[in-house]
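Participant: Shown below is the structure under consideration.
Taken together, the values in this text are just the output of simple stated rules run on the coordinates, not laboratory data. Because the structure is predicted, anything quoted here is derived from the model rather than measured. With ideal geometry, Cβ positions are generated from the backbone for all residues, glycine too; neighbour counts draw on all protein chains shown.
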Amino acid sequence: MTSRSGVDAVLRELRFGALPVAAAVGAADDARFRFVMDFDSAERWPDVPYDTAAPSARHDDVMRARIGSVLDEAAQTMARRAPAALRLVNSQLQRVLLRHGENASGGSASHRSHVGCCLLTNLHQPTESALVAIEAVTHESIHQLLYRTEQAGGNFCDLAETPTFRSPWSGARLPMHSLVHACFVWFGLLTLWSELALEPASDDEAAHSRGRIAHCLFGFAFLDDLLDSPAFPAARVDPEVLEVIRGMSVAARRATRAAEPCATLRQVASARQGAGWPAAVATGLARDGR
């Protein structure tokens, strides 16, 4: 399985508030996404409820222009307020399929067989499209980082499709490898929204950020019960990975108990103390100079 150094490297990438000043300036100067916007390929994405290669899945010219504007706004917002997250997206995503699903809900998807690529469905629909795009591309970029880390150093757990477990965040039934990835993804999203919530552009955005932070924290509140369940085969997860996941859960539980989750995440990460708080997690989350 994977090495501790590989897990530590993932955590360093999720330090969205700890990008050095020089790197942050560089990211802000390059306020754009570098991935290819794929509107037209014949790619058939696995495990989605519609045919991504069908003509009906193509956006028309009006929607393409609208989606381009949404992604431009998302990139510019990230460059100003979450440059480390923008840097992660630009290092991990090379191509994004942008499709319209007539009978599909909006959303995003990654797949282990398509590293460096993701699918965004119906990005034109949400009222807060730019914020939805920010979360979607960050979410899928974390998956790409995890896939690449596993390719280089070994899988975080076995890849069997059964048994499945109820995700504390989505409620969907997931195989263990998807659940393990979800822990890292949702912790990364927690740090993303904690960063974006510091300087919201409007009351509506502030409310959206608070809602996303609450959703992330709510899932972590139930994670330990799942991991400690007799039905969860902990021996099939790399012990270093499991330790780090438990450390993430500790940080989230402490933040949940606080009135201001954003500030408390910094305090918890900086304290580097307390039972069940692995040193690797503290190192990965501590915010330089904050």
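Participant: Measure out, as a whole number of angstrom, how far apart the alpha-carbon centroids of the range 143-176 and the range 37-57 sit.
Facilitator: 24
Participant: Order 183-195, 75-87 from most to least packed using the mean count of other Cβ atoms within 10 Å.
Facilitator: Final packing ranking: 183-195, 75-87.
Participant: To continue, here is another question. Starting from one equal scatterer on each C-alpha and no solvent at all, send me the Debye-based log10 I(q)/I(0) for the range 31-129 at q = 0.22, 0.25 Å⁻¹, two decimals.
Facilitator: Each listed q maps to, in turn, -1.23, -1.46.
Participant: What is the gain in length, in nm to one decimal, between Asp61 and Glu43 on full extension, counting 0.36 nm per residue of separation less the C-alpha to C-alpha distance?
Facilitator: 4.5 nm
Participant: Then there is this: Within the range 29-54, what residues put their amide N at less than 18 Å from the label point 7 Å along the Cα-to-Cβ vector of Ala201?
Facilitator: Inside the label zone: 29-34.
Participant: Step through the residues of the range 88-93 one at a time and calculate ³J(HN,Hα) from phi using the Karplus curve (6.51 cos²θ - 1.76 cosθ + 1.60, θ = phi - 60°), rounding each to whole Hz and writing x for Gly and Pro.
Facilitator: My calculation for the range 88-93 gives 4, 4, 5, 8, 10, 9 Hz in order.
Participant: Please identify which residues in the range 157-200 have an amide N closer than 12 Å to a label point set 7 Å out from the Cα of His215, following the Cα→Cβ vector.
Facilitator: In the range 157-200, the label zone of His215 (backbone N under 12 Å from the point 7 Å along Cα→Cβ) covers 169-171, 186, 189-190, 193.
Participant: Could you calculate the contour length gain from Ser113 to Arg166, that is, 0.36 nm times the residue separation minus the distance between their Cα atoms, to one decimal place in nm?
Facilitator: 16.7 nm
Participant: So for the pair Arg173, Ala53, with labels modelled 7 Å out along Cα→Cβ, what separation do we get in nm?
Facilitator: Each label point is offset 7 Å from its Cα along the Cβ direction, giving 2.9 nm.
Participant: Based on the Cβ-Cβ distance of Arg95 and Gln125, what FRET efficiency does E = 1/(1 + (r/R0)^6) give at R0 = 25 Å, to the nearest 0.05?
Facilitator: 0.70
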